[in-house]
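Notes follow once the structure below has been shown.
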Amino acid sequence: MNRLLFLIFLGIFTYMRNTIWENEYTLWVDVVIASPAKIIPHINLGNAFIRMGAFEKAEGEFLTAVAINVLDIRGHSGLGAVYFQKRLFHKAVKEFQLITKGKPKFPPGHNNLGAVYVELGLLDEAVNELKIAIELDPSFPDAYANLGIAYKKKGELKEAKLELEKALQLNRNNINARKNLNEVMRLLEKDSSYSQ
């Protein structure tokens, strides 16, 4: 009889765990409740909120993570991503600058800072940051794509084409690079038809 009760208990426990761990969000909410003073659950829950488009909630999780450990770049990176999505570019710049100063050899920090600079129209600064990201990691497709976009906005279409092609060589599924390369190709064709 005890064995049957144990099996029933295990079945109920499994059902409860499956309900809690139904998706990424419910999993990390459960972990945050169980371990509120640990940074990783807040980071992962913040990332889940970003994927859900719940940027206010994501911001709260990343602020909690930064309060737990102000030096952990994952919290600052998450905040930068939230501020970027909310179009609070000056706040995003501050977060990404903290990362590039604290970890100058971290390519995603330079890439993200460069992407924000593109949005702000600070194209020379963007090119500089994106070149640093590529120098640190020559196989970083997003950095090439963002550099191509920066060159496109500067009107340097041949350079834009080269960088966007490099991004697509590294990741054929980069939709943003493909879209921008198509735009650059149309602009180059238009340019060449005018010069004939």
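Since every read-out is calculated from the coordinates, none of them should be taken as a lab result. None of these values were measured; they are calculated from a predicted model. Cβ placement follows ideal geometry from the backbone for every residue including glycine, while neighbour counts extend to all protein chains displayed.
Suppose we keep just the alpha-carbon trace of the range 90-184; what are its Rg and Dmax in angstrom?
When restricted to Cα atoms, the range 90-184 yields Rg and Dmax of 12.3, 37 Å.
Determine the distance separating the Cα centre of the range 59-75 from the Cα centre of the range 152-196; give it in Å without decimals.
Between the Cα centre of the range 59-75 and that of the range 152-196, the gap is 37 Å.
Taking every pair of alpha-carbon atoms in the range 59-134, give the share separated by more than 14 Å as a whole percent.
Working: 1563 of 2850 pairs.
Result: 55 percent of Cα pairs exceed 14 Å.
Say each of residue 135 and residue 37 gets a label point 7 Å from the Cα, pointing the same way as Cα to Cβ; how far apart are those two points in nm?
In this crude label model, residue 135 to residue 37 measures out at 4.3 nm.
Between residue 175 and residue 94, what is 0.36 nm times their sequence separation minus the Cα-Cα distance? Round to one decimal in nm.
Working: separation 81, 0.36 × 81 = 29.16 nm, distance 2.79 nm.
My answer for the length gained is 26.4 nm.
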